[in-house]
Amino acid sequence: MKGIDLGDDLGELQSDLLEILARRWRLIGLIAVVLAASALVIVLLMPKKYDARCTIFARSRPGALASLSLQLPNLSGGLLTQGGSSADYLAAVLKSDAHAARVADALDLKKRPEFARKRGRKPSDYQIIEKLSRSVSVSDDRRGSLKIRAVSRSPALAARIANEYAAQLRGAVTTTNRKRREFISRQLEDTEHKLDKATEELREFQDETGAISLDEQTKAAIAALADLQGQLTAAQVEQREVESGSRTGGSPAQLAQLKSRKAALDSRIQYLEGATADYESKLAELPGVAMRLANLTRDVQVQQKIFEVMNEQYYMASIAEESEDEIFEVVDPAIPAERPCAPRKSAGLAVGGLLGILVGCGLAIRSERRRKKPFVELPEPASASALDIDR
């Protein structure tokens with residue numbers, strides 16, 4: 001019985017509410033229209049934002065992950081060991097603060113009022129990077145396609161940011177051949193400096209002592225020593241590359257090949273070091289002036305040989321870098337948008353109208369309850385004569 005009474009009461013309450021709303025529909029509609037119009041005005045007064053999208057495709061080829069090298073040390077280890085793809089690497093770089101800093105510097109966003117607008121204050125580099133990271137999003141469709149979406153108050157700037165993210169990616173991600181070329185280039189500069197220094201020391205010694213030439217046997221030993229030293233340097237450079245490739249990971253077959261190559265290089269380096277030590281011991285047996293002249297001549301010829309070997313390796317690395325395919329390709333560059341992406345008029349109208357309906361319903365119910373509230377008359381105060389009679 002109580003359940004039936006409770007159901008009847010709920011039904012009666014629902015019927016009363018519907019009756020109230022039907023009777024006050026004009027009030028509810030008016031409030032909904034007013035709030036929807038107010039929301040539309042607010043939306044129109046808000047600053048407009050535009051978005052631009054750039055699409056890149058991450059190429060997947062055999063050995064791509066093994067040759068990929070990031071200039072971000074904190075990202076290079078974990079992704080490889082977890083078996084990530086080329087697209088995973090590119091997405092990680094694009095979402096990093098380091099990449100945002102490169103884009104901010106390239107576009108000089110700190111001096112652009114449409115991006116770095118700050119009331120009376122100049123934003124810091126950290127604030128610029130933080131704002132840029134919030135303005136750019138990267139999505140991966142898991143098929144090798146990455147979409148870079150940039151949002152800004154200027155449609156042209158949004159397109160430039162999206163395209164610059166893709167352009168700066170070429171300098172942020174490098175293959176092994178490019179990294180090898182850069183490493184050999186630094187070694188060439190160092191070797192050239194050492195060669196100039198050794199040549200200057202030999203010239204000064206010859207001017208001071210008058211010692212000009214060595215015997216043929218010593219010259220032959222120095223030439224052989226220089227050749228061995230050049231081979232040793234080339235083997236050591238290749239050993240470093242093999243060790244670097246082993247640390248960055250790869251497939252089991254690639255790791256086994258690197259391990260075998262490293263063992264062969266270790267054996268060759270050991271042999272070259274022993275042969276070099278034998279020739280150096282022979283030069284150490286020469287008398288004072290001759291030994292000093294032989295050592296200086298050796299230094300010059302060794303650096304010359306190393307320079308020749310490194311120059312040849314630099315040339316080969318440059319050819320390999322130019323002939324290899326890039327790890328990604330821009331398939332759809334960003335263009336300035338014609339219409340803003342935010343704020344949306346339809347969303348403002350919908351939110352304002354819904355809020356108006358809720359407020360109107362609440363006011364209608366409240367006013368109806370006040371109208372039906374019973375009037376309670378307070379008793380009049382008793383007169384003095386009535387009090388006397390009672391007494």
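The values are calculated or read from the model by the stated rules, or taken from the named source; none is laboratory data. Note that the structure is a prediction, hence the values are computed from the model and not measured. Neighbour counts run over all protein chains shown; Cβ positions are idealised from the backbone, glycine included.
One table, with the values for the structure above:
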{"read-out": "Meets criteria (modelled with pLDDT under 85, in the same structural domain as Ala220 (by TED's automatic domain parsing), among the basic types (Lys, Arg) and closer than 30 Å to Ala223 by Cα) for Arg247", "value": "no"}
{"read-out": "Inter-residue pairs, beta-carbon under 8 Å, first acidic (Asp, Glu) and in region 132-154, second at pLDDT 90 or above and crowded, with 17+ Cβ neighbours inside 10 Å, 6+ apart", "value": "Asp140/Leu146"}
{"read-out": "Any hit, region 141-163, residues being of a type in the set (A, V, I, L, M, F, W, C) and within 30 Å of Met316 (Cβ to Cβ)", "value": "no"}
{"read-out": "Matching entry among Leu109, Leu79, Leu65, Leu70 (being at pLDDT 85 or above and within 19 Å of the chain's Cα centre (by Cα))", "value": "Leu109"}
{"read-out": "In region 287-332, the residues that are of a type in the set (Val, Ile, Thr), over 30 Å from Leu202 (Cα atoms) and surrounded by 13 or more Cβ atoms within 10 Å (Cβ to Cβ)", "value": "Ile327, Val330"}
{"read-out": "Restricting region 298-339 to residues that are farther than 22 Å from Lys179 by Cβ and either among the charged types (D, E, K, R) or modelled with pLDDT under 85 (or both), the residue that is nearest to the chain's Cα centre (by Cα)", "value": "Asp332"}
{"read-out": "Of the criteria (1) at pLDDT below 80; (2) polar (S, T, N, Q); (3) over 42 Å from the mean Cα position of the chain (by Cα), which one Gln206 fails", "value": "(1)"}
{"read-out": "Qualifying residue in region 211-226 (condition: touching a Ser or Thr at 6+ places or on another chain (Cβ under 6 Å), surrounded by 16 or more Cβ atoms within 10 Å (Cβ to Cβ) and in a helix (DSSP H, G or I))", "value": "yes"}
